[in-house]
1. What residues have an amide H closer than 5 Å to that of residue 77, excluding those fewer than 5 places away on the same chain, when H is modeled at 1.01 Å from N in the peptide plane?
2. Kindly provide log₁₀ I(q)/I(0) values, in the same order as q = 0.11, 0.21 Å⁻¹, from the Debye equation applied to equal alpha-carbon scatterers of segment 44-160.
3. If you count only protein heavy atoms and use a 1.4 Å probe, how large is the accessible surface of residue 66, to the nearest 10 Å²?
4. Taking the Cβ of residue 43 as the centre, find all other residues whose Cβ is under 10 Å away and add up their charges (Lys, Arg: +1; Asp, Glu: -1).
5. Report ³J(HN,Hα) in whole Hz for each residue of segment 135-141, in order, from the Karplus equation J = 6.51 cos²θ - 1.76 cosθ + 1.60 where θ = phi - 60°; Gly and Pro get x.
Amino acid sequence: MLEKNHLRDGYLNENHFIDNYLIHRIYRYDKVKAITSFPSIKHPKAQLCESTLEAEVCLVKDFDPRVVKRLTQPFTIDFGDFRYTPDAITRESDGKEYIEEVKPASELEKPQVIKRLREVECRLFRKGINFRVVTDELTSNRLYIANLWQLYRIVVTLTI
């Protein structure tokens with residue numbers, strides 16, 4: 001159904017994801033997921049997000065001075081026995097790149113979710129790749145998010 005390019009082990013060792021990434025194609029219309037397009041300030045192409053939470057995390061990361069570049073749904077990694085598509089990959093000002101998974105904090109109470117994320121983290125760690133889970137605690141301050149949306153509209157208007 002989805003067209004995916006799969007990364008192999010050799011590519012994972014290069015650790016230059018953002019500059020040499022393969023696009024994981026997602027469609028804007030899906031019966032299950034609320035796919036939204038987020039025109040990022042830090043990236044020339046709109047970032048596709050599979051949830052409102054992912055879009056809000058994009059917003060926060062756009063205004064985070066530590067984040068240099070961020071791509072959503074960048075690729076699918078084929079581990080052999082399962083495939084994993086990260087929600088984003090982020091490069092920070094110190095040069096480190098992180099594969100990020102965005103989840104509501106309530107999802108992290110489910111044993112099967114924790115097991116899967118730990119498995120992904122272990123496999124990425126063995127390849128020397130940084131991994132982190134970003135929860136909705138980052139976007140829990142609704143006044144902060146509302147202010148960021150206002151600033152975002154101003155910045156986008158000024159750059160047109």
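The values are calculated or read from the model by the stated rules, or taken from the named source; none is laboratory data. Since we're looking at a predicted model, the values are computed, not measured. A quick note on method: Cβ atoms are made from the backbone with ideal geometry, for glycine too, and the neighbour counts reach across all protein chains shown. Only protein heavy atoms, including side chains, enter the accessible area calculation; ligands, DNA and RNA are left aside. Shrake-Rupley method; radii C 1.70, N 1.55, O 1.52, S 1.80 Å.
1. 7, 84, 85
2. These q points yield log10 I(q)/I(0) values of -0.40, -1.31.
3. Accessible area of residue 66: about 140 Å².
4. On the way: positive: 42, 45, 69, 70; negative: 62.
For residues surrounding residue 43, the net value is +3.
5. Calculated HN-Hα couplings, in order: 9, 5, 5, 5, 10, 6, 7 Hz.
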